[in-house]
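Notes to accompany the following structure.
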Amino acid sequence: AEACIVSLGKLGSRELNYASDIDLLFIYSDEGRTSGVGSREPVSNREYFIKLAETVVRLVGQQTGEGAAYRVDLRLRPHGRVGPLAMSLADTTRYYRNEAEAWERQVLIRSRSSAGDESIFRQFIGSVAGTVFAADISVADALRSVRSSKQKIDLENITAKGTNVKLGIGGIREIEFIAQALQLAYGGRDRWLRSPHTLISLVRLADRKLLTDRELTELADAYAFLRQLEHILQMENGLQTHTIPNEVGRRGLIARRMRFADLAAFESAVAGHMRNVNQVFKRIFADVNIDQTVDAANSNLSYSPNEIDLSVSNGSTSAVGSGIDDLIRISPRFAEILAADPTVAERLDSSNGPNDVIQLRARMLNAVAAETDLRSQLLAMRTAWRRSLAEIMAADIADAISISEAKKQQTALAEASIEAAIMVTRAELGRRYEAVFDQLPLAVMGLGKLGGAGLDYDSDLDLVMVYDEHSMAKGPEFYARAVEIFVNTLSAMTRNGSLYRVDLRLRPHSKDGPLAISRSAFAEYMRNDSAIWELLAFVKLRGVGGDHGLATEIENEIRNIIHVRAATMEPAELAAETRRIRLGLEQRRADVRRSRDIDIKYGEGGMLDIYFAIRFLQLRDNLPDDDENRSTGRTLVRLKEAGSLAASEFYPMLAGYEFLSALDHNIRLTVGRTTRLPLANEKALAIIASRMDLDSPKSLLVRLLAHRLEIRSVFERIVN
């Protein structure tokens, strides 16, 4: 058996620049077993090549005294973070033919063999080229697919400030997407257009009259200019940045390095090039209609409320040892952490995870306090966080802690990270404003899993940032800058990774609203303008960091407003809207190509049925969250005690939630973050079943079906 390392992205198109990640895909030729040497037993080819991939990633990306050579990114592989690090040629081909999303096939435009047996790549690309460049796809469908990918990028960067030469309007990514969209639209019938290099593909598209000569000139000039600017931005600090600094002095330095005599001429050139790019982008996608309003509204509802706080066992009968090899075998996510920082294994104690909440908090705060500059603080935070998460995962895999304890510790780690990020924010504001900010009247309010104190592996942090406009003589711009620093501290992708994906889309007015909202404006919005879906979401609002006194006051104030508003609504109207929103999410997430998959969150009888039913009842019957225990399990008990749930509704809901919650947790632990049951991954499915004390994957599926049927039946009775 042989292996091939396929490069994607900029490495794939031979356009790598300073501080770029290298995007890789590992493919081996066929299944089988190794021969075994000496005392070593034979292992499967899958195990062997996954270990090979881990070793390559560690050698290339390991942090040493001299730093790392590159940051290796494997998230573009099949199934993303939840997929194996290496797959056979047959399985990889099958995935891209039958399961891959449109954007995943688009990525293959810039793919090539970088190491290993090149014939494997030739076989692979020859087998999937007809899927990537489909001859029967309409031009409109091809353009719509690429435009959808661009809109997702725009949505993820709605909180960004400054001029981003890569992802901003008129940036490098728009040039790349212009080329790739036209390649997808016409490359199925014209093989000559299938070039991975952006400039080469633009020239060929112009030769086919798909771009005008003027458009080609403008795009080529802009591409050369913006890539040169990107190089200079990344050379300055060795960071993966694409944003022109806001400070006039630093902008002037960048202008001189770009050979401009003055700053005004430089800024005019940047604006001109990006304007030209966006004009071509708009022309190409002029007739592509995508409902942005519906997309943004539904994305706001992509939250997961708190997880159960009852002691659901991981499955004490699972044959999981405490050795590192066993931990890696059970959890590819754990393997990723070790690959990013192998020194974690040397300090690992999987006996019971971190000792307590106090230890987690102290570790994160001490890491920040020991450093004096932003870059060192970010590195220290990521190192301490990675160690803490690895300890939690190791204890979880070894069944040393329960699921509820694992979630409790992860919630504590997130809150400690938020507190550390606030420390960094105060220090950075002090450097920028040449002042000392011992206190910052900024409350960090959590929603979803964080709000319910049930954070799980790879969960987003759904946050609303609220400031007290009467506590400091500072305006909205100051707090917007504070939030920008805070979010970047937690989510910025450095060579040492990031901590969390921070999601601010649930804030008032969503992407059109300010990053930080004043306390009075927040209350006014919730009192007069919030929609029913926002009332359902904000049931879980909880202060999670920042000014704790302010956060508690806001939490109580907003909770009161929500339940007062709900009391004025007709129960039938509230029920109908709850049902409409829930079923809309289910329909939106349905995918014809993956109709056989089981989505345990969005699908029929999934966790959202439980979440929406509970929150509807809380609003209808004025039952706010319990400050001592916000878990879904405890809330179900309180609803039954209050008479909101009949026994015939309570028991199926509680049993179903306990099952789905444990299943979701073990999926995240075993294969990574996904809402779909990994039916094609037989090994993972067997591990998950064992960890849930079930004798086989078939038993798991039977139990899952029964719970989903009962959950949907109860949900329909409640909201009808």
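Just to check your reading of the model, which residue among 694, 645 is in a loop (DSSP other than H, G, I, E, B) and modelled with pLDDT under 90?
The match here is 694.
How do the pairs read when you match residues in the range 559-582 that are charged (D, E, K, R) with residues anywhere that are part of a loop (DSSP other than H, G, I, E, B), using Cβ under 7 Å and keeping only pairs 6 or more apart or on different chains?
What qualifies is 559/541; 559/624.
What number of residues within the range 33-72 are acidic (Asp, Glu) and within 22 Å of residue 669 (Cβ to Cβ)?
Quick first cut of the range 33-72, residues acidic (Asp, Glu) only: 41, 47, 54, 66.
Next cut, within 22 Å of residue 669 (Cβ to Cβ) only: 47, 54.
The total comes to 2.
May I ask you to verify whether residue 506 is among the aliphatic types (A, V, I, L, M), part of a loop (DSSP other than H, G, I, E, B) and out of contact with any Lys or Arg (no Cβ under 7 Å at 6 or more places or on another chain)?
Values: among the aliphatic types (A, V, I, L, M): yes; part of a loop (DSSP other than H, G, I, E, B): yes; out of contact with any Lys or Arg (no Cβ under 7 Å at 6 or more places or on another chain): yes.
The answer is yes for residue 506.
On the basis of being open to solvent by 10 Å² or more (accessible area, probe 1.4 Å), out of contact with any strand residue (DSSP E or B) (no Cβ under 7 Å at 6 or more places or on another chain) and closer than 30 Å to residue 665 by Cα, does residue 577 make the cut?
On the way: open to solvent by 10 Å² or more (accessible area, probe 1.4 Å): yes; out of contact with any strand residue (DSSP E or B) (no Cβ under 7 Å at 6 or more places or on another chain): yes; closer than 30 Å to residue 665 by Cα: yes.
Yes; evaluated as a whole, the condition is true for this residue.
Kindly indicate whether residue 615 is out of contact with any helix residue (DSSP H, G or I) (no Cβ under 7 Å at 6 or more places or on another chain) and in contact (Cβ under 8 Å) with a residue 24 or more places away in the chain. Walk me through it before giving the result.
Values: out of contact with any helix residue (DSSP H, G or I) (no Cβ under 7 Å at 6 or more places or on another chain): no; in contact (Cβ under 8 Å) with a residue 24 or more places away in the chain: yes.
No.
Do you know which residues across the range 219-253 are surrounded by fewer than 15 Cβ atoms within 10 Å (Cβ to Cβ) and over 20 Å from residue 269 (Cβ atoms)?
Answer for the range 219-253, where residues must be surrounded by fewer than 15 Cβ atoms within 10 Å (Cβ to Cβ) and over 20 Å from residue 269 (Cβ atoms): 237, 238.
Give me the residue from the range 188-218 that is touching a residue at least 24 places away in the same chain (Cβ under 8 Å) and under 31 Å from the mean Cα position of the chain (by Cα) and, out of that set, least open to solvent (accessible area, probe 1.4 Å).
198
Can you pull out the residues in the range 702-715 that are open to solvent by less than 60 Å² (accessible area, probe 1.4 Å), in contact (Cβ under 8 Å) with a residue 12 or more places away in the chain and out of contact with any Gly (no Cβ under 7 Å at 6 or more places or on another chain)? It would help to see each step written out before you state the result.
Start the filter on the range 702-715 by keeping residues that are open to solvent by less than 60 Å² (accessible area, probe 1.4 Å), which leaves 704, 706-708, 711-715.
Checking which are in contact (Cβ under 8 Å) with a residue 12 or more places away in the chain leaves us with 704, 707-708, 711-715.
704, 713, 714, 715 - these are the residues of the range 702-715 that are open to solvent by less than 60 Å² (accessible area, probe 1.4 Å), in contact (Cβ under 8 Å) with a residue 12 or more places away in the chain and out of contact with any Gly (no Cβ under 7 Å at 6 or more places or on another chain).
Each row is one residue, and each column tells you yes or no for (1) hydrophobic (A, V, I, L, M, F, W, C); (2) under 23 Å from residue 513 (Cα atoms); (3) modelled with pLDDT under 95.
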{"site": "537", "(1), (2), (3)": "yes, yes, yes"}
{"site": "548", "(1), (2), (3)": "no, no, yes"}
{"site": "557", "(1), (2), (3)": "no, yes, no"}
{"site": "561", "(1), (2), (3)": "yes, yes, no"}
{"site": "569", "(1), (2), (3)": "yes, no, yes"}
{"site": "583", "(1), (2), (3)": "yes, no, yes"}
{"site": "591", "(1), (2), (3)": "no, no, yes"}
{"site": "595", "(1), (2), (3)": "no, no, yes"}
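So is residue 404 open to solvent by less than 10 Å² (accessible area, probe 1.4 Å), in a helix (DSSP H, G or I) and of a type in the set (Ser, Thr, Tyr) or not?
Criteria not met by residue 404.
Considering only the range 557-590, state which residues are within 24 Å of the chain's Cα centre (by Cα) and either in a helix (DSSP H, G or I) or closer than 19 Å to residue 445 by Cβ (or both). Write out each step before concluding.
Of all residues in the range 557-590, those within 24 Å of the chain's Cα centre (by Cα) come to 581-590.
Answer for the range 557-590, where residues must be within 24 Å of the chain's Cα centre (by Cα) and either in a helix (DSSP H, G or I) or closer than 19 Å to residue 445 by Cβ (or both): 581, 582, 583, 584, 585, 586, 587, 588, 589.
Being acidic (Asp, Glu) and under 28 Å from the mean Cα position of the chain (by Cα) narrows it down to one of 118, 101, so name that one.
Values: 118 fails: under 28 Å from the mean Cα position of the chain (by Cα).
Step by step, each of 118, 101 is checked, and only 101 is acidic (Asp, Glu) and under 28 Å from the mean Cα position of the chain (by Cα).
The values are calculated or read from the model by the stated rules, or taken from the named source; none is laboratory data. Computed from a predicted model, the values in this text were never measured in an experiment. Cβ: placed from backbone, ideal geometry, glycine included. Neighbour counts: every protein chain shown. The accessibility values were calculated without ligands, DNA or RNA, using every heavy atom of the protein model including side chains. Shrake-Rupley method; radii C 1.70, N 1.55, O 1.52, S 1.80 Å.
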